[in-house]
Amino acid sequence: MSLRAAIVSLALIGSAASAGAVELNAGSASRIEVGDRKGVAYYTVEPAGYRVVAGLARRAGVPPLRIETTLAGDQRVLALSPQGVGEPLAALEIVRQGDKVFVRPLGAGL
């Protein structure tokens, strides 16, 4: 790995690990929060990549949001969910950086 690639990798890890990001552990559920939604996320190591599953619920009577994705190395996925009229989107970023997976809520205004 070149010095430039190493610096970029460290910067990306620092950005994912900050701003409320939760690092997931393989096969173990972690609590996550996105706005007023609460839930859990976990990942498993599969032949095609890391399979990440996240589930979020807002309150009783509102259908939960489930996200499933398989990430190869250094990939990310963005999940957006509308809320009520005039309310900001609920946004969640799932990032794989090497052998680590982070889940991070994103701010409103996307």
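The values are calculated or read from the model by the stated rules, or taken from the named source; none is laboratory data. All values reported here derive from a predicted model rather than from experimental measurement. Here Cβ is always computed from backbone atoms with ideal geometry, including for glycine, and neighbour counts include all displayed protein chains.
Determine which single condition Val62 fails, assuming it passes every other condition in (1) under 16 Å from Gly39 (Cβ atoms); (2) assigned to a strand (DSSP E or B).
It fails just one condition, (2).
Is there a residue in the stretch 26-49 that is in contact with a helix residue (DSSP H, G or I) (Cβ under 9 Å, 6 or more places away or on another chain) and either modelled with pLDDT of 85 or more or polar (S, T, N, Q) (or both)?
Looking for residues that are in contact with a helix residue (DSSP H, G or I) (Cβ under 9 Å, 6 or more places away or on another chain) and either modelled with pLDDT of 85 or more or polar (S, T, N, Q) (or both), one finds none in the stretch 26-49, hence no.
Inspect all residues belonging to the stretch 82-96 and state whether any of them is part of a strand (DSSP E or B), of a type in the set (Asp, Glu) and surrounded by 17 or more Cβ atoms within 10 Å (Cβ to Cβ).
The answer is yes, given that some residue of the stretch 82-96 is part of a strand (DSSP E or B), of a type in the set (Asp, Glu) and surrounded by 17 or more Cβ atoms within 10 Å (Cβ to Cβ).
Tally the residues that are of a type outside the set (Gly, Ala, Ser), touching a residue at least 24 places away in the same chain (Cβ under 8 Å) and either surrounded by 15 or more Cβ atoms within 10 Å (Cβ to Cβ) or closer than 19 Å to Gly84 by Cα (or both), restricting the search to the stretch 37-57.
5
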